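To start, the structure itself, in structure tokens.
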């Protein structure tokens, strides 16, 4: 499991993996004030630049579970959506957790980006809003049960060239 390595929800995710069955990876960023790494990281990597950190987030991601957040969260979400939309990474589940937080943004996508022809209506299908933790897990497993758990040869090639 990979998180941004910071406090709050990132720490909770790392802690769950750290004490569970998954390696806990924190991709930390050097900031002048704000984030410090949490102690629940089996692997901790600190980045000076956001662009390199974002590459690491998406290179081996099997799913993107996006919690409410600020500009950094929106930047990372936009990056993942763009890479899937353009075929630069394989289609992965992109789950936005919390309908109260995300519905306004998706409404704006529909009424502005789609209506202005900036994105296609089917691009909205690249993500889904879910409120319940069990449903997040179900959505991820459902995606891979339909398409298979192993990447195709073409997807492995895409991954190598990212």
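Read-outs throughout are calculated quantities, based only on the coordinates presented, and are distinct from any laboratory measurement. Quick caveat: nothing in here was measured; it's all calculated off a predicted structure. Cβ: placed from backbone, ideal geometry, glycine included. Neighbour counts: every protein chain shown.
Average 1/r across all pairs of distinct alpha carbons in region 1-133, invert it, and you get the Kirkwood radius: 15.7 Å. Model label sites at residue 125 and residue 155, defined 7 Å from Cα along the beta-carbon direction, differ in position by 1.7 nm.
Look at 131, 107 and count the other Cβ atoms within 10 Å of each Cβ; fewest to most, that gives 107, 131. Could you check which residue among 73, 46, 112 shows the biggest mean-square fluctuation in a GNM of the chain with a 10 Å Cα cutoff? Answer for the Gaussian network model of the chain: 112. Compute the long axis of helix 9-18 from its Cα atoms, compare it with the longest principal axis of the Cα atoms of the chain, and write down the angle in degrees, 0 to 90, nearest 10. Taking the Cα atoms of the chain, the angle to 9-18 is about 70 degrees. The mean sequence distance of close C-alpha pairs (under 8 Å, at least 6 residues apart), as a share of the length of the chain, puts its relative contact order at 17 percent. Axis of helix 50-59 versus longest Cα principal axis of the chain: the two differ by about 70°, to the nearest ten degrees. Here's the picture: a label point sits 7 Å out from the Cα of residue 100 along the beta-carbon direction, and within region 127-146 the residues with their amide nitrogen under 14 Å of it are 131-132. Residues of region 81-107 with an amide N closer than 16 Å to a point placed 7 Å from the Cα of residue 118 along the Cα-to-Cβ direction: 81-83, 104-107. Compute the angle between helix 99-108 and the longest alpha-carbon principal axis of the chain, please, reported from 0 to 90 degrees and rounded to the nearest 10. Once rounded, one gets 40 degrees.
Working from label points 7 Å from Cα in the Cα-to-Cβ sense, the residue 48 to residue 9 distance is 3.0 nm. Each helix, a run of at least 4 DSSP H residues, gives -39500 (n - 2.57); summed and divided by the residues of the chain, these come to -13000 deg cm²/dmol at 222 nm.
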